[in-house]
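Read through the structure below, which is laid out as structure tokens, and then see the notes.
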Amino acid sequence: MNESITLTDNRNGASVEVPIVNGTVDARAWADLLPGVYFHDPSFGNTSGAASAVCELDGDAGYLRYRGHPIEQLAEQSTFLEVAHLLLFGELPTRPQLNGFADEIAESASIHENFHKRILEGFRDDAHAMGVLVSSVAALSTFYPDGKDVEDPTVRRSQMVRLLAKIPTLAASAYRRSVGNPYVQPDPDLPYTSNFLSMMFRPAEGGYEVDPVLTRALDLLFVLHADHGQNCSTTTARSVGSSHADPYVLLSAACSALYGPRHGGANEAVLRMLEEIGSYDQVDDFVAKVKTGEQLLMGFGHRVYKNYDPRAKIIKETAHRVFEVTGKNPLLDMALKLEEVALADDYFVRRKLYPNVDFYSGLIYQSMGFPVEMFTVLFAIGRTPGWLAHWDEMLTQNSRIARPRQLYTGEATRDVVPIDER
Ligand code: SDX
């Protein structure tokens, strides 16, 4: 079969044959045939904006692979730092490589004391943790101006290690400030996720033991959130990175995109939705409101997955293990009922709406003691290696600055009328 398409301009009969390569055709091939004519695709639903080797997902088959490794195997066998190494450098690390990587991260995990005093203390007591994270990640740019030399791969590598190391410290500091607890500096002897939990929940006085089941569950959740192709926040990261801005403001932009309730903010919105539904017997009424368009079923639906999100399946299984330690989250039965009702209802089936990564994750976070304002921050910690891997890849590819065309729908040309004559 001829793996190509032929485009014909019917205005003059000219045509061009364009090969179909890996499911895409190169838009640049018809620039000569159709000068000044652009394919309009406002939310990029049918457009590829990047060539990437970082992650592959298939929405119909319902699979997700990081650098070719199936997410199910990584979830089962790998730690978050192993997966971060895989995403950033292309391969799962050997044990010596992992130990060296973990040491680099541990050495770079603390944040400047001025940061706590002058930046974090500047926020209102009720400041949302994501607002604090977005601002404080951007502020790191002023502490590390060396990060601006983005075309030097060695410089990029040290910024990636620094950001991966400091994001959990910033996140935990934002939380401790919000509850009025003194900051806890990272402990270089603790593994990455244990260290984060210690910085989050270590009491001002006395010791703190992280529960291994909860640590493993959180580490697994970070693995499941680590990358997901050209999602909204990664597209933002690549776009900001294409102007050669530094990785700190890039990550802040990515966190900003993630914050929205249609994207990473959905895990927080799911919890608020469940609390708003109120009780198990109100589920049917709520679903009826979704079907009339009055409400969205948060945690459901996906631009790519028209099948069950493979991550949601793993998270649902993980929830049961966490609840054996923490006690069952009282909202679980309501969530399970919502899923059962939706998956049996033609409104959702016809629209191929299934639970996504955000539907069950918040139940776990809440049971582990995280306030709902921290849920999207946890998503951001997990997604950091993915955002950075795409940034590094884009610069390695010498990508041009992102600058899409537009379909102009405004006024035709017209003269300015002097203000006193308007
Ligand atoms: C993430 O892209 C990624 O990979 C993202 C992510 C990642 O790892 O980076 O996977 C993480 O962001 C997951 C998604 C989290 N968001 C939510 O759970 C919010 C609720 N979901 C919706 O907002 C929506 O499903 C989106 C934003 C996720 C996807 O939106 P699309 O692809 O633009 O779909 P659409 O709005 O065009 O919906 C198609 C139809 C519409 O109905 P009709 O106009 O055809 O009648 O489905 C309906 C929508 O109204 N619909 C929903 C719905 N989602 C879509 N109806 C009720 N509840 C929903 N959640």
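The values are calculated or read from the model by the stated rules, or taken from the named source; none is laboratory data. Worth saying up front: this structure is predicted, and the values here are computed from it rather than measured. Quick reminder, even Gly has a Cβ in these numbers, built from the backbone with ideal geometry, and neighbours come from all protein chains shown.
Scanning segment 195-219 for residues that are within 22 Å of Thr376 (Cβ to Cβ) and among the small types (Gly, Ala, Ser) yields Ser198, Ala217.
Among residues of segment 217-231 that are under 18 Å from Gly68 (Cβ atoms) and aliphatic (A, V, I, L, M), those with a Cβ under 8 angstrom from a residue that is assigned to a loop (DSSP other than H, G, I, E, B) and more than 13 Å from the ligand (Cβ to nearest atom), sequence gap 6+ or separate chain, pair up as Val223/Ser78; Val223/Thr79. As a summary of the residue check, Phe348 satisfies the conditions (1) modelled with pLDDT of 95 or more; (2) more than 8 Å from the ligand (Cβ to nearest atom) except for the one numbered (2).
Across segment 11-28, not a single residue is classified as over 27 Å from Leu388 (Cβ atoms), of a type in the set (Ser, Thr, Tyr) and not in a strand (DSSP E or B). Give me the residue from segment 20-42 that is over 28 Å from Thr409 (Cβ atoms) and at pLDDT below 95 and, out of that set, farthest from the chain's Cα centre (by Cα). Step by step, filter segment 20-42, then rank; the result is Val21. Whether any residue in segment 234-243 is within 23 Å of Val150 (Cα to Cα), surrounded by fewer than 18 Cβ atoms within 10 Å (Cβ to Cβ) and modelled with pLDDT of 95 or more is what I want to check. Checking segment 234-243: at least one residue is within 23 Å of Val150 (Cα to Cα), surrounded by fewer than 18 Cβ atoms within 10 Å (Cβ to Cβ) and modelled with pLDDT of 95 or more.
Can you tell me which residue in segment 375-422 is nearest to the chain's Cα centre (by Cα), limited to those that are part of a loop (DSSP other than H, G, I, E, B) and among the aliphatic types (A, V, I, L, M)? Out of the qualifying residues, it is Ala402. Name the single residue that is nearest to the ligand (Cβ to nearest atom) among those in segment 195-237 being β-branched (Val, Ile, Thr) and under 23 Å from the mean Cα position of the chain (by Cα). Per the criteria, the residue is Thr234.
Could you look through segment 52-110, keep only residues that are in a loop (DSSP other than H, G, I, E, B) and hydroxyl-bearing (Ser, Thr, Tyr), and pick out the one that is farthest from the chain's Cα centre (by Cα)? The residue in question is Thr94. Yes or no: Leu336 in a helix (DSSP H, G or I), crowded, with 24+ Cβ neighbours inside 10 Å and more than 10 Å from the ligand (Cβ to nearest atom)? Judged against the criteria, Leu336 is not a match.
Okay, residues lined up against (1) surrounded by 12 or more Cβ atoms within 10 Å (Cβ to Cβ); (2) closer than 23 Å to Ser43 by Cα; (3) not aromatic (Phe, Trp, Tyr):
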| position | (1), (2), (3) |
| --- | --- |
| Gly327 | no, no, yes |
| Ala342 | yes, no, yes |
| Val357 | yes, yes, yes |
| Ser361 | yes, no, yes |
| Phe379 | yes, yes, no |
| His390 | yes, yes, yes |
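Among the residues of segment 292-308, those identified as within 7 Å of the ligand (Cβ to nearest atom) and either touching a residue at least 60 places away in the same chain (Cβ under 8 Å) or basic (Lys, Arg) (or both) are Met298, Gly299, His302, Arg303, Val304. Among the residues of segment 238-265, those identified as among the small types (Gly, Ala, Ser), within 11 Å of the ligand (Cβ to nearest atom) and in contact with a Phe, Trp or Tyr (Cβ under 8 Å, 6 or more places away or on another chain) are Ala254, Gly264, Gly265.
Can you name the residue in segment 266-286 that is of a type in the set (A, V, I, L, M) and under 27 Å from Ala61 (Cβ atoms) and, of all such residues, is nearest to the ligand (Cβ to nearest atom)? Step by step, filter segment 266-286, then rank; the result is Ala266. Given the structure, is Tyr248 of a type in the set (Ser, Thr, Tyr), farther than 25 Å from Asp345 by Cβ and surrounded by fewer than 17 Cβ atoms within 10 Å (Cβ to Cβ)? It is false that Tyr248 is of a type in the set (Ser, Thr, Tyr), farther than 25 Å from Asp345 by Cβ and surrounded by fewer than 17 Cβ atoms within 10 Å (Cβ to Cβ). Checking each residue of segment 388-399 against the condition of being out of contact with any strand residue (DSSP E or B) (no Cβ under 9 Å at 6 or more places or on another chain), among the hydrophobic types (A, V, I, L, M, F, W, C), touching a residue at least 60 places away in the same chain (Cβ under 8 Å) and within 13 Å of the ligand (Cβ to nearest atom) gives no match. Filter segment 309-330 for residues that are of a type in the set (Lys, Arg) and in contact (Cβ under 8 Å) with a residue 40 or more places away in the chain; which is nearest to the ligand (Cβ to nearest atom)? Within segment 309-330, the match that is nearest to the ligand (Cβ to nearest atom) is Arg311.
Apart from one condition, Lys289 fits all of (1) surrounded by fewer than 17 Cβ atoms within 10 Å (Cβ to Cβ); (2) assigned to a loop (DSSP other than H, G, I, E, B); (3) within 12 Å of the ligand (Cβ to nearest atom); the exception is (2).
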